[in-house]
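Novice: Would you mind keeping the following structure in view while I ask a few things?
Every number in this text was worked out from the coordinates using simple rules, so none of it is lab data. What you see is a predicted model, and the numbers here were worked out from it, not measured in a lab. Positions of Cβ are backbone-derived with ideal geometry, glycine not excepted, and every protein chain shown enters the neighbour counts.
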Amino acid sequence: MTLMERPLPKNTFSRRTTVVCRGLIKTYGTRETAVTALRGIDLDIYTDELLMLAGPSGCGKTTLISVIAGILDHDSGDCRVFGRDFSRMRNSKKTRMRGETIGFVFQALNLLPALTAAENVAVPLLVNGVRWSQAIRQARAMLDRVGLADRERSLPAQLSGGQQQRVAIARALIHGPKLVVCDEPTSALDHETGHKVMQLLREVALGEGRSLVIVTHDARIFEFADRIARMDDGRIVSVDKGGRKDTANGPSLA
Ligand code: ADP
Ligand code: MG
């Protein structure tokens, strides 16, 4: 057994920890086409924190959050979310657990083009068995919280990039997930809209024992983080405190 494969100590999971990763390894493809995207990730994500995952394109950020969210299986190591190991669950159970506990904002948003904003936001409730009329009512209330009450009947194509981003966020939050994961939520947005989206995320996706993980390589939003984990080439290379002091690109010695 290599160091990377060491088992998770039994007492590592605590009430304050939402996600525990130890020695996570993930390789795509086989033999000559193999790409190792995660090379032994050790990471804890705490409750009530916004953790940002930063690093250059291709360093493994999307792969890591996909494993954490149970969308992708890892090859070795341990990943526990609320003490549960998604990779050992049957597919039906995994889908149910994921649907109940995790909200995911995909980089490409993945809004359904033929559905209105309210219908898009209602999807996770419908999947979880909520009646249509009630799901739409809740979706409208959620759209109101993200400042889009007047756009509930708009199709995604009729909305700006920032508005589509807010619809995707509303959809990720509608079912009250304890863990919300966003993949580069500000990458397509201008500075001001990006800041508004971050303020919104902190406001609606944190507190009450929840955790928020945001993948980014946008240093302009680091000020919103409680902690910033930096990745490079499939590894976590540092974990620092976030906040306004860390927004400068370089060591802050003041
Ligand atoms: P990031 O999100 O940091 O840009 P990714 O996790 O998307 O990085 O990718 C990490 C590495 O894994 C990259 O080298 C990428 O090309 C590779 N990769 C990602 N997804 C796949 C896939 N489905 N098949 C093969 N290689 C992949
Ligand atoms: Mg990515």
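Novice: Which whole-Hz couplings ³J(HN,Hα) result when phi for each residue of segment 213-226 is put into the Karplus expression 6.51 cos²θ - 1.76 cosθ + 1.60, θ = phi - 60°, listed in order with x for Gly and Pro?
Specialist: Karplus values, whole Hz, x for Gly and Pro: 10, 10, 7, 7, 10, 9, 4, 5, 9, 4, 4, 8, 7, 7.
Novice: Given only helices, namely DSSP H runs of n ≥ 4 each adding -39500 (n - 2.57), what is the per-residue ellipticity at 222 nm of the chain, to the nearest 500 deg cm²/dmol?
Specialist: Taking each H run of at least 4 residues, the total per residue is -9000 deg cm²/dmol.
Novice: How much FRET efficiency would the formula 1/(1 + (r/R0)^6) give for residue 108 and residue 28, where r is the Cβ-Cβ distance and R0 is 22 Å, rounded to 0.05?
Specialist: Between residue 108 and residue 28 the formula returns 0.75.
Novice: What is the Å³ per residue value for the convex hull set by the Cα atoms of the chain?
Specialist: Convex hull volume per residue, Cα atoms: 149 Å³.
Novice: Still on this model: What is the order of 239, 167, 204, fewest Cβ neighbours within 10 Å to most?
Specialist: Ascending Cβ contact count within 10 Å gives the list 239, 204, 167.
Novice: Arrange the following residues from fewest to most other Cβ atoms within 10 Å of their Cβ: 82, 222.
Specialist: Result, fewest neighbours first: 82, 222.
Novice: If amide H atoms are built 1.01 Å from N in the plane of the peptide, which residues on other chains or at least 5 residues away come under 5 Å of the amide H of residue 236?
Specialist: Amide H neighbours of residue 236: 42.
Novice: Assign one of three labels to segment 89-200, namely rounded, prolate or oblate, based on the Cα gyration tensor with a ≥ b ≥ c the square roots of its eigenvalues; rounded applies when a/c is under 1.5, prolate when it is not and a/b is larger than b/c, and oblate otherwise.
Specialist: The shape class here is oblate.
Novice: Mind grabbing the base-10 log of I(q)/I(0) for segment 140-234 at q = 0.13, 0.16, 0.20, 0.22 Å⁻¹? Debye formula, identical points on the C-alpha positions, no solvent, two decimal places.
Specialist: Cα-only, vacuum Debye calculation for segment 140-234: -0.45, -0.67, -1.02, -1.20.
Novice: Something else now. Arranged by the count of other C-beta atoms within 10 angstrom, fewest first, what order do 186, 47 take?
Specialist: Least to most surrounded, the residues fall as 47, 186.
Novice: Still on this structure, please answer the following. Classify segment 53-148 as rounded, prolate or oblate from the Cα gyration tensor: take a ≥ b ≥ c as the square roots of its eigenvalues, call it rounded if a/c is under 1.5, otherwise prolate when a/b beats b/c and oblate if not.
Specialist: Note, shape of segment 53-148 comes out oblate.
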